[in-house]
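Asker: If you scroll down you'll find the structure; I have some questions about it.
The values are calculated or read from the model by the stated rules, or taken from the named source; none is laboratory data. Since the model is a prediction, treat every value here as computed from it, not as a measurement. All Cβ positions, even for glycine, are placed from backbone atoms using ideal geometry, and neighbour counts span all protein chains on display. Accessible surface areas use protein heavy atoms only, side chains included; no ligands, DNA or RNA. Shrake-Rupley method; radii C 1.70, N 1.55, O 1.52, S 1.80 Å.
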Amino acid sequence: MTVLYVASHQSRAGKTALAVTLASILRDKGTSVAVFKPVTSVADPGRDPDPAVYSSLLDQTMTVSPVPIPAEGVTDQLLD
């Protein structure tokens, strides 16, 4: 199994577009692909639009919501 983690220090940098594009290309080549968003900068993870994008463009259901990252960033408390 190969894992690719797409990350950026900016919101709206194109991470979702890149992930969907790569997943689509790999699926077209016959590779089994799943996309998952583990964290979000959206305060209410249920309002993050990315899982809906993955669902509609990749025909993939997200069963877990991403974990919100506080505005002050990752802290030791969040890691516990």
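Asker: Do we find a residue being in contact with a Pro (Cβ under 9 Å, 6 or more places away or on another chain) and free of Cβ contacts under 8 Å to residues at least 60 places away in the same chain anywhere in region 17-34? Steps first, answer last, please.
Answerer: Let us first name the residues in region 17-34 that are in contact with a Pro (Cβ under 9 Å, 6 or more places away or on another chain), namely none.
The answer is no; no qualifying residue exists.
Asker: Here's a follow-up. Across region 1-29, what is the total count of residues that are part of a loop (DSSP other than H, G, I, E, B) and open to solvent by 70 Å² or more (accessible area, probe 1.4 Å)?
Answerer: Within region 1-29, the first condition is being part of a loop (DSSP other than H, G, I, E, B), and the residues that meet it are 1-14, 29.
Checking the rest, the ones that are also open to solvent by 70 Å² or more (accessible area, probe 1.4 Å) come to 1-5, 7, 9-12, 29.
Residues in region 1-29 being part of a loop (DSSP other than H, G, I, E, B) and open to solvent by 70 Å² or more (accessible area, probe 1.4 Å): 11 in total.
Asker: Take the residues of region 42-64 that are assigned to a loop (DSSP other than H, G, I, E, B) and surrounded by 14 or more Cβ atoms within 10 Å (Cβ to Cβ): which is modelled with the lowest pLDDT?
Answerer: Top of the filtered list is M62.
Asker: May I pose another question? Of the residues in region 30-41, how many are within 9 Å of the chain's Cα centre (by Cα) and loosely packed, with under 13 Cβ neighbours inside 10 Å?
Answerer: Qualifying residue count for the region: 1.
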